[in-house]
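Written out below as structure tokens is the structure these notes cover.
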Amino acid sequence: MRKILLTLPVAAMVLGTAAFADGMETVKARQDFFKALGGSMKAMAGVAKNFDAEAAKAEAAKLETLLTTDMGPLFAPGTSSTDFPGESEAKASIWTNMDDFGAKGKAMHEAAAVVIAAANAGDAAAFGAGLKGLGGTCKACHDDYREED
């Protein structure tokens, strides 16, 4: 019995470390996804300034591929800035306002569809306007659910 009691704290520490590692992997995966999305937005902004239909189509294809990512696992409970201070920028309010958070994600996907359609049509004005709308959806989510830098 004494051996069991002595091993419980060690087992708890190992399990806690594993949970921490899993949580950090989730935080890192989420950050990597959003860095890629930000890179895509930056590239498309450059295309919009000096519109090139082929470049717009290529960047829109990259965006479309990025948005096939199932974002659910990227927002696993226990991965907020409260859980990982200094590591995660995701506010804990995401998990208490999941309906609103999901609606903002849906708006982002809808705005991206406008950008993709404009790129595929070769419509410079619609591409620029769509990109501005997409950026607005990013800002709306950041304003409510991302810690300030």
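Residue 22 to residue 117: extension gain in nm, 0.36 nm per residue of separation minus the Cα-Cα distance?
Details: separation 95, 0.36 × 95 = 34.20 nm, distance 3.73 nm.
Roughly 30.5 nm would be gained on extension.
Expected output is a single nm value to one decimal: the length gained when fully extending between residue 103 and residue 144, i.e. 0.36 nm times separation in residues minus the C-alpha distance. What is it?
Working: separation 41, 0.36 × 41 = 14.76 nm, distance 1.24 nm.
Gain on extension, residue 103 to residue 144, equals 13.5 nm.
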Using the Kyte-Doolittle scale, find the helices of the chain whose mean hydropathy is at least -1.0 and whose Cα atoms extend 24 Å or more along the helix's long axis, counting only whole DSSP H runs. 2-49, 98-121, 124-145
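Might you report the magnitude of the Cβ-based charge dipole of the chain about its Cα centre, with Lys and Arg at +1 and Asp and Glu at -1, to the nearest 20 debye? If you can, show how the numbers build up before the last one.
Numbers: 15 positive and 20 negative charges, 62 e Å.
That gives a dipole near 300 debye.
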Distance in nm between residue 129 and residue 68 label points, each 7 Å along Cα→Cβ, equals 3.0 nm
List the extent of the Cα atoms of the chain along each of their three principal axes, largest first, rounded to whole Å. 74, 26, 24
For the chain, the count of lysine pairs 8 or more apart or interchain whose alpha-carbon atoms are under 16 Å apart comes to 14
Within 10 Å, count the other beta carbons around each residue, average over each peptide in 93-100, 116-123, and list them highest first. 116-123, 93-100
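222 nm [θ] for the chain, helices only, -39500 (n - 2.57) per DSSP H run of 4+, per residue, to 500? Walk me through the numbers on the way to the answer.
Details: 5 runs with 112 residues, N = 149.
Estimated from H runs of four or more residues: -26500 deg cm²/dmol.
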Below 8 Å, C-alpha to C-alpha, sequence gap of six or more: please give me the relative contact order for the chain in percent. 26 percent
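Just so you know, all these numbers are worked out from the coordinates, no wet-lab data involved. What you see is a predicted model, and the numbers here were worked out from it, not measured in a lab. Using ideal geometry, Cβ is built from the backbone for each residue, glycine included, and neighbour counts are taken over all protein chains shown.
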